[in-house]
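The values are calculated or read from the model by the stated rules, or taken from the named source; none is laboratory data. Because the structure is predicted, anything quoted here is derived from the model rather than measured. When we count neighbours, we look across all protein chains shown, and the Cβ atoms used for this are built from the backbone with ideal geometry, even at glycine. Just the protein is used for accessible areas: all its heavy atoms, side chains included, with ligands, DNA and RNA removed. Shrake-Rupley method; radii C 1.70, N 1.55, O 1.52, S 1.80 Å.
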Amino acid sequence: MLSNSKIFLRGITDVLPHMLSVIPFGIITGAIGVEFGFDPLLVYATSLIIFGGASQIIFMQLLSGGASSLVAITSVGVINSRHLLYGAVLSEYLEKLSFIKKLFISYFIVDQGFAESNKYLKKNNSQINLHYHVLGGGITLWFFWQISTISGIILGSFIPEELGLKFAIPLTFLAIVVNDLRKLDHVFVMLVSGFASLILFDAPFKSYIILSPLVALIAAFTMLRFKK
Amino acid sequence: MTWFSIIVSGIVTYFSRMAMIALIDRDMLGVKIKEVLNYVPAAVFPAIIFPGIFFNDLGTIVEITDPKIYV
């Protein structure tokens, strides 16, 4: 059995490649917030309190554009509701933990950490201390996210318009799923999700981000029924 | 008001992270649901990837003349 610290370290190293997109994305998030005219402290507070890149940007964009708080909060809720799915998957490996530990670990669950931990946990599901992987990855992503948004806030207008990173975020997510491309059933689910997201893109509150996965999961459910 | 919105958004986000881990008992999920959960990564990430690649900021299809193509 691997020690807690070894698994924690593995969590750290597994998410490190994602820093290629997380750091620039964090810098952009900080810089955009200041550019929208928000107080630097407030911009940083979104990283600490909300802690979710896309939802932070949408939140600030909406408020600076004059949208009501209710609209901004609803959008954040809709965009981040995908964490419910991550939680449902991870709960299999975290169910033995105490309630307090569950509450603590939950704060650190983000897309990249979920993706890497999910892969690792599936392969090593006999270990009992797997939550250290979730923690190692999650805390690392948290740390770099905080530092990079603060950098963005400080550098502000010095940041070149886009940093040429429009493709970086989708591409690093592509790296997450690339292994599953060998499995036909997963490819099917991915295509359903991808095309659904293009069709539903204009749905209110950016809800395509949760509606498309739900459509894809219904497709997966249907597919499993036909397989039997 | 903005501070209030940030805090409520934070609570909502944290709830989405915590609910399934801390509040739901896994036995409440049926076998079929657990099976479908295997497809969560395949179902979630393309919804982030596809629009990022195929749409520009205005939500229209990226054209070959779009400078984004050469980035």
Hey, A:Ala31 outside any helix (DSSP H, G or I) and on the phi < 0 side of the Ramachandran plot or not: no
Count - residues of region B:5-31 that are facing another protein chain (nearest Cβ under 7 Å) and in a helix (DSSP H, G or I): 17
Which numbered condition A:Lys122 misses (of (1) open to solvent by 50 Å² or more (accessible area, probe 1.4 Å); (2) in contact (Cβ under 8 Å) with a residue 24 or more places away in the chain; (3) part of a helix (DSSP H, G or I); (4) closer than 29 Å to A:Ser212 by Cβ): (2)
Matching residues in region A:28-49 - criterion: being more than 17 Å from B:Gly52 (Cα to Cα) and crowded, with 23+ Cβ neighbours inside 10 Å: A:Gly30, A:Ala31, A:Gly33, A:Val43, A:Thr46, A:Ser47
First in region A:187-210 and on the phi > 0 side of the Ramachandran plot, second anywhere and outside any helix (DSSP H, G or I) and not aromatic (Phe, Trp, Tyr), Cβ under 9 Å, 6 or more apart: none
Candidate set: region A:182-199, residues that are more than 7 Å from chain B (Cβ to nearest Cβ), in a helix (DSSP H, G or I) and closer than 17 Å to B:Val36 by Cα; chosen: the one most open to solvent (accessible area, probe 1.4 Å): A:Leu184
Answer residue from region A:143-158, given it is surrounded by 16 or more Cβ atoms within 10 Å (Cβ to Cβ) and of a type in the set (A, V, I, L, M, F, W, C) and is farthest from the chain's Cα centre (by Cα) among those: A:Ile153
Residues satisfying the stated conditions in region A:41-53, i.e. modelled with pLDDT of 95 or more and not hydroxyl-bearing (Ser, Thr, Tyr): A:Leu41, A:Leu42, A:Val43, A:Ala45, A:Leu48, A:Ile49, A:Ile50, A:Phe51
Helices (runs of 4 or more DSSP H) wholly inside region A:41-98 containing at least 2 residues that are within 20 Å of A:Phe143 (Cβ to Cβ): A:53-64, A:82-94
Scope region A:92-141; condition within 15 Å of the chain's Cα centre (by Cα), of a type in the set (Asp, Glu) and facing chain B (nearest Cβ under 10 Å); matching residues: A:Asp111
Looking only at region A:200-226, and only at residues there that are more than 7 Å from chain B (Cβ to nearest Cβ) and over 30 Å from A:Ile58 (Cα atoms), the one that is most open to solvent (accessible area, probe 1.4 Å): A:Phe226
Single match in A:Leu163, A:Leu174 (criterion: within 11 Å of another protein chain (Cβ to nearest Cβ), under 27 Å from A:Phe36 (Cα atoms) and at pLDDT below 90): A:Leu163
Criterion: farther than 15 Å from A:Val177 by Cβ and crowded, with 19+ Cβ neighbours inside 10 Å - qualifying residue of B:Ala47, B:Ala22, B:Ala42: B:Ala22
